[in-house]
Every structure is written in C-alpha cells, then in structure tokens.
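The values are calculated or read from the model by the stated rules, or taken from the named source; none is laboratory data. Since the model is a prediction, treat every value here as computed from it, not as a measurement. Cβ placement follows ideal geometry from the backbone for every residue including glycine, while neighbour counts extend to all protein chains displayed.
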Ligand code: TNX
C-alpha cells in the first residue's frame, strides 16, 4: 500500500499534473507559477516568418476570447536557423512573465505556436509554467479523405486542415478519383468533370461535384500555410471507373458493376492519357509525391481479360499471366511519375511489380498481411503504415455501432492510440524506412458531413499522438483522461463526434 502511494506520488500524479496538450509532447518539465494571457501582452517575433506568426497568434488569441484579463507579459517567437533543432522540433518555455517559443524550422515554430494556443485555450487563458522540448516520432503524420465516393467540399476540407494543424498532422492524402466520381478539373479532358464527376456512391445521377483547379490551388495554399502537404491520389489501373466511363476508348472493358473498373493495360493511348492528366496534377500539387493507387486490381480474377487481344499482349511482352500484366502497368505508371520529377506512392499490392525502391513508397493497408509490410521493408522500400485495423476510419469505433465496417474486430480509439507498438517488432530493424502512419477515411458509407465528423473524431486525436509522441511518453489512460478537453473544443467548433465516455448517447 505504502509502495503504491509512493509510486503514485512519484510517477502518476506528476504526469497527471501536466496541462492538456494534444499530442503529448516528447518532454515536459513543470515549473512554478503561471502566465496569464491578458490584454496588454507584447507578442513579438525575431523577424520574417516569426513576425508573421506573432501577428497571427495575436489575432487567434483575440478570436478565442482569451484576452479578457488586463495582465501584461511578453511572448517571443524566435526562428533561429543555427540553433540546430531537428526538423519540426521546438521548445516552449513558459514563465510567469514571459513565454519563449524557439525552433530552427518554420514548421517547428508553427507547432510551438499551435501548442501555446492549445494550452491557452484549455487553461482558459492561464498557462502553467513549464518547459516543453518536443519533436515528432514520425515525419509522415497523415489523414486520407476519399471524396470520390462522397464529396464534402472546400469548407469542410479547410475545417479539417485547421484541426490537423492543431494536432500537428502534416499530410493530407486526397483520394480524388475512384469508381463513382472523378473530382478534379483537368482542362485537357473536360469529360472527366462533365461526365466523370456526376454521381456518388449512393446516387449515380447526383449532380457533378468536383474541385476546379483554382479551388485546388486555394486548398493547397491553405494547407501549406499550416505546414500540411497535400498528396493527391489518381487511382489506377483499377478503381478507374469514373475515368473509363468518360473516355471508354481507354477502358479495360468488363461487365456489370465491374464495367470500366480498370484502364486498358495494352493501349499506348492509356499511358498518354495518364501522362497528360499527371502533367496538370503535378502543376497543381507541389508535393514531391503522387499517389497512383495500384490497389485491388486482380486482373487475373477478372474474366473479361480472357479477351484474345489481351492474352496475345501478355504473350508478346512475356508477362506470364494477368498478374504480370498488372505489374507491367504499375512499372509503366511509375516511369511516367518519375519522368515528371515525382516519387510515386502505391498501395501494398505493388510490392512485387519490380519498381525500384528509390522511385516508390509503399502504403501498407492489409493488416492481415503483415508479411507485405516486412517484405516491403526488406526490399528497401520506404513505407507508410495505414493498416485497415486499427487505422481505417470507415471501421466502427464501438461495438454497438451499426454503420461502418467490422472485420474480425473494429477500431476503437484505444487501439489507434496504442499503434504501432503491437507491430513494432516487425519494423524495428528498418526505422529509417518507416516514414510514418496515417488514418484513412473511405466514404462508401459516409454520406454527409455529420457522419464524416463522427467517424473521424475523436479518433484523429489518437492518430496524432501515435504519429507524434515517442512511445515512452505515451500512456493510454492519461490520454483518455485529458481527451474531454479536446472533445469540448470540437463541440465549440460545431464538430459532431463520438463520445467514448458516453457511447450510447451519440
Ligand atoms: C479497400 S484500401 C480499398 C478502398 C475501399 C476500402 C474500404 C484500398 C487501397 N482500397 O477502395 O474503400 O477498402 O474499407
């Protein structure tokens, strides 16, 4: 009993005494006293970007209604390129009369500012003295949104980018093409939007919804201001129904619901089309990565590929069988992406396609095929982890839920929080190749913004912590204790969320 109390006093209570911050920083030392955010604050930068952030912080504190007290004090933001902090790292030193934010990268200083904003908000203008030294566990901290199956639009995307920034998530993977709809204007191929953008998962006749190139630029810039990279996905050779029904001359054929599912893999026009579309995509997205899908093609299982012309092609090119054909397609696509100066990302099916590991990054999604993850690493690929369990957001998060996927289990917030520890033994020898992780929201069963929020939150908060916080600073029960602060914040933003503390109520 005495031991237990001593343990509590020594370890648990001091940790609980930390003020809530999402994600939990790598290191926090508590100090004495607190800083009050008041009307007479001096907020200053050391020039350039730091000044810009300082001005932004001033406005954000005001908007959050945080300056009601007359208290004064100084907040100083310093971008110091020679202080040699890791990329995205920052320190935040809070004393009763002053706060100092320091970083050697713009992203780091931005995260220091976001951390301070959270502390002010959750402390209602009262920030307790402490010293935070923080840096991310992974460089890729992503969220994927499928806007082909259902379209949510610019304002919703911006709202999510704001929340991602607050959580220090830094990649928005935008799944813009799939079966029901093509969602990005391509000037050279207008039918992609006049025809390809018509319909969604529930209603094949729903009016066309898509982003114009101007809107794409606006969102990419909005994200960049928040240190979020936008990575577009143009899914191929499968999940290409919207393209192929608009331009049937490059369709791989098929029947019934599989009609137009794939590109025609044997026509040069297909690759010319892909190259031309990618020229416009590359011009819109500064990201060094382009995602080209590669999932669920199974050319080999699809009866229409008994087509004699295709069989002849397989023979002529010495591809062996339909799987060889699929891999040929991926290699061609990889060459096109590389010719545009970009690195391709593909779903884990493409591990065997023979694309050189310096040209491709693998997204591991099939949680039941752990050997795919291991094989990708052994073959020298860099990997982003988004295993269906626990990182697919279209899986339910509570046993009582009816709408959403269940596959030998589901994805409660705690499982997400604990990731990647359960599989860390598989990646331990390849740490440099693991770029990070991502939460992926497929939207076949997500038809409106309310449902989107519900599937995303609060799980996205746990994702941020899995991606940012070092394993030794993670503690699920402490996370759950502070989570209500974030839930309240979501409520204030008008975001609908699942409440894990009262699961039957929402
Ligand atoms: C598989 S994940 C797909 C998606 C579906 C998702 C539903 C992946 C690479 N392909 O097309 O939307 O499952 O969970």
| request: Tell me, yes or no, whether segment 231-246 has at least one residue that is assigned by TED's automatic domain parsing to the domain that holds residue 169 and over 14 Å from residue 177 (Cα atoms). | output: no
| request: For segment 225-325, please list each of the helices (runs of 4 or more DSSP H) lying entirely inside it that holds at least 2 residues being within 15 Å of the ligand (Cβ to nearest atom). | output: 241-246
| request: Kindly indicate which of 187, 124 is part of a loop (DSSP other than H, G, I, E, B), surrounded by fewer than 18 Cβ atoms within 10 Å (Cβ to Cβ) and not assigned by TED's automatic domain parsing to the domain that holds residue 460. | output: 124
| task | Given the conditions (1) more than 27 Å from the chain's Cα centre (by Cα); (2) within 22 Å of residue 139 (Cβ to Cβ), report the number of the one that residue 355 does not fulfil. | result | (1)
| message | Let me confirm something: among 362, 384, 345, which residue is within 16 Å of the ligand (Cβ to nearest atom), without any contact (Cβ under 8 Å) to a residue 40 or more places away in the chain and farther than 30 Å from residue 501 by Cα? | response | 362
| Any idea which residue in segment 206-218 is nearest to the ligand (Cβ to nearest atom), counting only those that are surrounded by fewer than 21 Cβ atoms within 10 Å (Cβ to Cβ) and touching a residue at least 40 places away in the same chain (Cβ under 8 Å)? | 209
| query | Would it be correct to say that residue 96 is surrounded by 22 or more Cβ atoms within 10 Å (Cβ to Cβ) and more than 16 Å from the ligand (Cβ to nearest atom)? | reply | no
| task | Could you list all residues from segment 486-498 that are crowded, with 19+ Cβ neighbours inside 10 Å and assigned to a loop (DSSP other than H, G, I, E, B)? | result | 495, 497, 498
| field | Those residues of segment 428-452 which are within 15 Å of the ligand (Cβ to nearest atom) and either buried (at least 20 other Cβ atoms within 10 Å of the Cβ) or in a strand (DSSP E or B) (or both), in sequence order | value | 437, 438, 439, 440, 441, 442, 443, 446, 452
| Test for residue 330: is it surrounded by 22 or more Cβ atoms within 10 Å (Cβ to Cβ) and either modelled with pLDDT of 95 or more or in the same structural domain as residue 175 (by TED's automatic domain parsing) (or both) | yes
| task | Considering every residue within segment 413-427, establish whether at least one is farther than 20 Å from residue 173 by Cβ, surrounded by fewer than 23 Cβ atoms within 10 Å (Cβ to Cβ), modelled with pLDDT of 95 or more and within 14 Å of the ligand (Cβ to nearest atom). | result | no
| said: Just the residues that are without any contact (Cβ under 8 Å) to a residue 12 or more places away in the chain and either outside the structural domain of residue 461 (by TED's automatic domain parsing) or more than 16 Å from the ligand (Cβ to nearest atom) (or both), please, taken from segment 388-412. | reply: 399, 402
| task | Could you pull out the residue among 442, 468, 407 that is modelled with pLDDT under 95 and at negative phi? | result | 407
